[in-house]
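Undergrad: Attaching a single structure in C-alpha cells format; questions to follow.
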Amino acid sequence: MNLLESKSGRIFLVTVFYLTEGAPIGFIWWAMPTLLRQENIPIESITSLTALLILPWIFKFVWAPLVDSFRNEKRSYKFWIFISQSFMGLSLVPLIFIPVQDNLLIWGMFLLLHSISAATQDVSIDAMVINVIAKNERGKLNGFMNAGMLIGRSVFGGGTLIIAYQLGLSYMILLLVIIILSAMSLLFLVKEPVFQLRPGNQFKTFVRNFSLSFSSRNTWLAIIFALTSAAAFEVAGGLAGPFLTDLNINQETIGFFFAMPVVIAMFIGGLIGGYISDKINRKSSVGIFLLGFVAAVVFISIYIYAEGSINETIFLSAYTIMYFFVGLFTASSYALFMDLTNPNIGGTQFSTYMAATNGCEAWSVWVAGGIVASYSYSTSFIIMCVVSLASLLILKKIKID
C-alpha cells in the first residue's frame, strides 16, 4: 500500500502530518501565552518569547536547500521527515518531567529545538506534496492540511487550557509524543515515485533552479505579500489569549473558545476556501478572503474601543467570524504559493514563502506587543489592518502561469 498513489491517501497523510505540526503551534501560540498571562507575566515578555519560538519557521529556508539538493534514493523526503519527527519527539520527552513554573528558560530551549525539527518536517512534507499533486488539487489538499493543523492546535491549544487545570501539562506533552510516534509509523506506507529521485550532480542542478526562481520578480513579490498580508489576523490571533484574559474572560472559557469555535470555524473555512480557490481565479479568492478577515478585525477593534466593556457572546462571535475567514485565506493563499513554486526546488522555494508567512506573525506580534504596552489592543489591531490592506497592491502585481 502506498498512500501517495491515491487522492484519499494523500489527504489522510498530510492531515496526520500537519496535525503533528499544529500541536506544538497550538501550545506555543495559544495555550502558553494565556497561561503566562495568568501568572501576570508582562505582555512584552510573552510576545518576545513567542516570537523567539517562531524563528525556526521563519529561517527554515536557510537549511531547506539540504533537503532539495542532497536528496537521493537513500535520502528521500521520507528520510528527512523521519529524522525531523524523531527529534520532535525526543525534544519533548524532558518536558514531561520538568514543570513549566520557574523553568521557563529550560522549556524555551527544548521548545526551540522542537520548533527547528518541526520546521524541517514542514519543509520535507511540503516538498513531497508539491511534487506529487496536480495543480487543480492544491487548494483542496491545502484545506485538509490546514484541517490537520487545526486539530493539533485545538487539542494542544485550547485543550491544554482545559485539561492542564485538572491533570497538568505533563499528560498533554506525553500525548503529543505518542501522536508524533504514530505519525512516524505512516512512513512505512509511503513510497516516493522513482522518477523524482534526481541522479547526477544534484547540487549544480539545484543551484541552476534556485538562480532561475529567485531571480524572478514574481518570487520576490510573493515573499513580500507573505510577509505582510496576514498581519491583521496574526496580531488579533496571536494576542487573543492575553487580550481575552485582560478582558476578564476566565481561562476555561478561553480554552473552550480555542478548542471548539475557533477550530471549527477555521476547519470549515479551510475546506471551503481550498475548494473555491481551485474553481475560480486564485488571486481573486485570496483578495476577497483577506478583506473578510480585515473587516472582522476592524469590528473587534471598534467594538472594544466604543463599548469599553464587552458582551462576551458578541465579542467571541466576531472573533469566530475572523477565524472563519482566516481558514478561507490560509487554504487559498497557500495554494497560491504552491502555484508560484518551482517543483525542482519545492522544499526551498515553498519553505521561503512559508517562512515569510511565519515572519509576518513574528514581526507583527512583536511590534503589536509594544503598541499595546504604549497605547491599546485596538490601536495595534487597526494598524495591522492597514498593513494587510496595503498588501493587496502587491497581490495585484503577482502573475500566475
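The values are calculated or read from the model by the stated rules, or taken from the named source; none is laboratory data. Bear in mind the structure is a predicted one, so any value in this text is a computation, not a measurement. With ideal geometry, Cβ positions are generated from the backbone for all residues, glycine too; neighbour counts draw on all protein chains shown. Surface areas here come from the heavy atoms of the whole protein model, side chains and all, with no ligands, DNA or RNA. Shrake-Rupley method; radii C 1.70, N 1.55, O 1.52, S 1.80 Å.
Undergrad: If you count only protein heavy atoms with a 1.4 Å probe, what accessible area per residue comes out for the chain, rounded to a whole Å²?
TA: Computed with neighbouring chains in place, this is 41 Å² per residue.
Undergrad: Identify which of Ile382, Ile280, Ile46 has the largest mean-square fluctuation in a Gaussian network model of the chain, with springs joining Cα atoms closer than 10 Å.
TA: Ile280
Undergrad: Projecting each Cα onto the charge dipole of the chain (Lys/Arg +1, Asp/Glu -1 at the beta carbon, about the Cα centre), which of Val326, Val132, Ile179 comes out farthest on the positive side?
TA: Val132
Undergrad: Related question: Okay, helix-only estimate at 222 nm for the chain: each DSSP H run of n ≥ 4 adds -39500 (n - 2.57), divide by all residues, round to 500 deg cm²/dmol; what do you get?
TA: Calculated mean residue ellipticity at 222 nm is -25000 deg cm²/dmol.
Undergrad: Can you tell me how much longer the chain between Phe59 and Leu187 gets when fully stretched, taken as 0.36 nm per residue apart minus their C-alpha distance, in nm with one decimal?
TA: 43.5 nm
Undergrad: Between Leu247 and Glu44, what is the label-to-label distance in nm when each label sits 7 Å out along the Cα-to-Cβ direction?
TA: 2.5 nm
Undergrad: Where the accessible area of the chain is counted over protein heavy atoms with a 1.4 Å probe, how much of it, in %, is carbon and sulfur?
TA: 68 percent
Undergrad: Compute, for Glu252, the solvent-accessible surface of its heavy atoms (probe 1.4 Å) with the complete set of protein chains present, and express it in square angstrom to the nearest 10.
TA: It works out to around 100 Å².
Undergrad: Next question, about the same structure. Explain nothing, just the number: relative contact order of segment 291-401, from Cα pairs under 8 Å at least 6 residues apart, as a whole percent.
TA: So the answer I get is 37 percent.
Undergrad: Additional query: Just one of (1) 27; (2) 19; (3) 42 is percent of Cα pairs over 36 Å apart calculated from these coordinates, so which is it?
TA: (2)
Undergrad: With a 1.4 Å probe and all protein chains in place, put Leu105, Leu49, Leu161 in order of accessible area, largest first.
TA: Leu105, Leu49, Leu161
Undergrad: Now, a different point. Give me the extension gain from Leu291 to Ser86: residue separation times 0.36 nm, minus the current Cα-Cα distance, reported in nm with one decimal.
TA: 69.8 nm
Undergrad: Multiplying the sequence separation of Ile314 and Asn218 by 0.36 nm and subtracting their Cα-Cα distance, what value in nm do you get?
TA: Here the segment from Ile314 to Asn218 would lengthen by 30.5 nm.
Undergrad: Let's test the formula: R0 of 30 Å, r as the Cβ-Cβ distance of Ile178 and Tyr275. What FRET efficiency results, to the nearest 0.05?
TA: So the FRET efficiency works out to roughly 0.40.
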